[in-house]
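This report concerns only the one structure given below.
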Amino acid sequence: MCAVAAQATAAIAAIRLTLAAIVRAHGDAYRRTHRLATVQVLALRAIAACRTALLGGRRETCDHCGATRLTFHSCRNRHCPTCQAQASARWIEARRAALLPIPYFHVVFTLPHALNALAQGNPRVIYTLLFRAAADTLLAFGRDPRHLGGTIGVTALLHTWSQTLTQHLHVHCLVTGGALAPDRTRWIRGRASFLFPVKALSPVFRAKYLAGLQRAYTDGTLTFAAGTAPLAHAGQFAALVTQLRATPWVVYAKRPFGGPAQVLQYLGRYTHRIAISNARLISLVDGVVRFRWKDYADRGHTKIMALDVDEFLRRFLLHVLPRGFVRIRHFGLLANAQRRTLIARAQDLLGAPTPARSSDDTRAPDVDPTRCPFCHQGHWQVEILSPLARLPVPVGPDTS
């Protein structure tokens, strides 16, 4: 280990470990020795600069006691764990008005690991197909008179990781426990504890996904390189599709939510989650990262994993999304083009008032944000600090 990296590692050990600290200590060396996509380079640079003088900020000085505090700007990169709490809160508040006073269901659609290598070279295509196949499957079951016979609402959240940071491509779908009738004159209530049979969902999901994958191959939208190069030949690709068709695909329905309050709690946990949070990181010592993970195959017991820092960064970068890719999408009643009209109609049929939006300002009315909290007499005088370096524009926010 070089002297600079050793000093950085020693400094990290003295404070609470963060992903940014790991990237600052080892990101440059990793970039020099590995071939990375542009979005991966941008993510590493943004995370390393987050809340440092590189991005600028503000210095506040009390005009009475002289107390000083520094605040540096966030990188706002959607792969940065430090920046996700506020982004999640804003997103949840924006969706509060679309919640209905009904049960909601949580359905998870997972791709077989045989598609992992293809996804690494074609993330936009593979992830988009996952969204479409999952949503089309749910909407088709919702329209079927044997189930609901109307239009359901679906919010789908893409996750690409497992607890150990390996590839595990899946979407979490939040589904309304009921549907709007085709003529929009009534709300069709579903069962309180059951949505659709998952054993029936699985083959439909698989068929829809493989049909889309075959179209992508025929249209030439897939690229093949390195380990996937043989798939460029029609016979090899057909063999992969045959293998995937013979494999059971996992569709999992979790316990239903009781109502809007539980839904908001769920959204807060899942919407802006990234591959690993700072809270799971334990240590970086001698080039080895140790972090906590839950082993769901062992009754969810928490365990410790140790990875060489290069392997840790490699796994983390598997989950950097293509630039501009939307990882939270809405379908059916919640589709952006008609959400406001259809949700208003559903609320009217359910006799539910539109949920009030909470104020962004949660401070007590008598609190003066400019008053110094140390001497309680002076006021903060603000000095804007310019960025120390011009960094590339980070990957945009996760819109939906």
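The values are calculated or read from the model by the stated rules, or taken from the named source; none is laboratory data. Given the structure is predicted, the values throughout are model-derived calculations rather than measurements. Positions of Cβ are backbone-derived with ideal geometry, glycine not excepted, and every protein chain shown enters the neighbour counts. Accessible surface is based on the protein model in full, side chains and every heavy atom, while ligands, DNA and RNA are left aside. Shrake-Rupley method; radii C 1.70, N 1.55, O 1.52, S 1.80 Å.
Can you tell which of Q163, Q84, Q377 shows the greatest fluctuation in a Gaussian network model of the chain with Cα springs below 10 Å? Maximum fluctuation in the GNM of the chain, among the listed residues, is at Q377. With θ taken as phi - 60° and the Karplus curve 6.51 cos²θ - 1.76 cosθ + 1.60 applied, the whole-hertz 3J(HN,Hα) list for segment 312-320 is 4, 5, 4, 5, 4, 6, 4, 9, 6 Hz, x standing for glycine and proline.
For segment 58-125, the square roots a ≥ b ≥ c of the C-alpha gyration tensor eigenvalues yield an a/c of 1.5 or more together with a/b not exceeding b/c, which makes the shape oblate. Equivalent ellipsoid of the chain: semi-axes from √(5λ) of the C-alpha gyration tensor, largest first, are 40, 32, 18 Å. With the simple model of a label 7 Å out from the Cα in the direction of the Cβ, L264 to I304 spans 3.9 nm. Spatial offset of segment 115-129 relative to segment 188-259 amounts to 12 Å, using the alpha carbon center of each. Using helices alone, what [θ] at 222 nm do you get for the chain, with -39,500 (n - 2.57) per DSSP H run of 4 or more residues, divided over all residues and rounded to the nearest 500? Here the helix-only value at 222 nm equals -11500 deg cm²/dmol.
Counting only lysines at least 8 places from K199 when in the same chain, those with an alpha carbon closer than 24 Å to its own are K208, K254.
Over segment 134-192, all Cα pairs binned in 10 Å intervals from 0 give whole-percent P(r) values of 23, 41, 20, 13, 3, listed from short to long. Would you work out what percent of the accessible area of segment 211-283, with all protein chains in place, is carbon or sulfur (probe 1.4 Å)? Within segment 211-283, the accessible surface is 57 percent carbon and sulfur. When the alpha carbon coordinates of segment 1-159 are projected onto the principal axes, the ranges are 69, 49, 25 Å, largest first.
With only Cα atoms counted, segment 121-163 has Rg and Dmax values of 13.2, 40 Å. Could you work out the longest stretch of the chain that avoids the chymotrypsin sites (Phe, Trp or Tyr not before Pro) located in DSSP loops with at most 14 other Cβ atoms within 10 Å? Formally, the longest exposed-site-free interval is 1-193.
The alpha carbons of segment 53-94 occupy a box of 40, 25, 13 Å along the principal axes, longest dimension given first. Taking Cβ atoms as reference points and 12 Å as the exclusive limit, the residues near Y209 contribute a net charge of +4, counting Lys and Arg as +1 and Asp and Glu as -1. Across segment 222-238, rounded Karplus estimates of 3J(HN,Hα) from the backbone phi angles (6.51 cos²θ - 1.76 cosθ + 1.60, θ = phi - 60°) give 8, 10, 10, 7, 6, x, 9, 4, x, 5, 5, 7, 4, x, 5, 5, 4 Hz, Gly and Pro being marked x. The residues of the chain present an accessible area of 51 Å² per residue when probed at 1.4 Å with all protein chains retained.
The lysines whose alpha-carbon is closer than 18 Å to the alpha-carbon of K303, local same-chain residues fewer than 8 away aside, are K294. With a ≥ b ≥ c taken as the square roots of the eigenvalues of the C-alpha gyration tensor of segment 175-281, please select rounded if a/c is under 1.5 and otherwise prolate if a/b is larger than b/c or oblate if it is not? It is oblate, given that a/c is not under 1.5 and a/b is not larger than b/c. Would you please state the base-10 log of I(q)/I(0) at q = 0.10, 0.17, 0.21 1/Å for segment 78-185, with intensities from the Debye formula using one equal scatterer on every alpha carbon? Those come out to -0.38, -0.97, -1.19, one per q.
Net charge around G378, counting only other residues with Cβ within less than 14 Å of its Cβ (Lys, Arg = +1; Asp, Glu = -1)? Result for the neighbourhood of G378: -1.
Cβ under 12 Å from V107's Cβ, V107 left aside: what net charge do those residues give with Lys, Arg +1 and Asp, Glu -1? Result for the local shell: +2. Within segment 233-379, all pairs of alpha-carbon atoms sorted by distance into 5 Å bins from zero give the percentages 2, 5, 7, 10, 11, 12, 12, 13, 13, 8, 4, 1, 1, 1, 1, 0. Note on segment 26-96: along the principal axes its Cα atoms extend 53, 39, 14 Å, ordered by decreasing extent.
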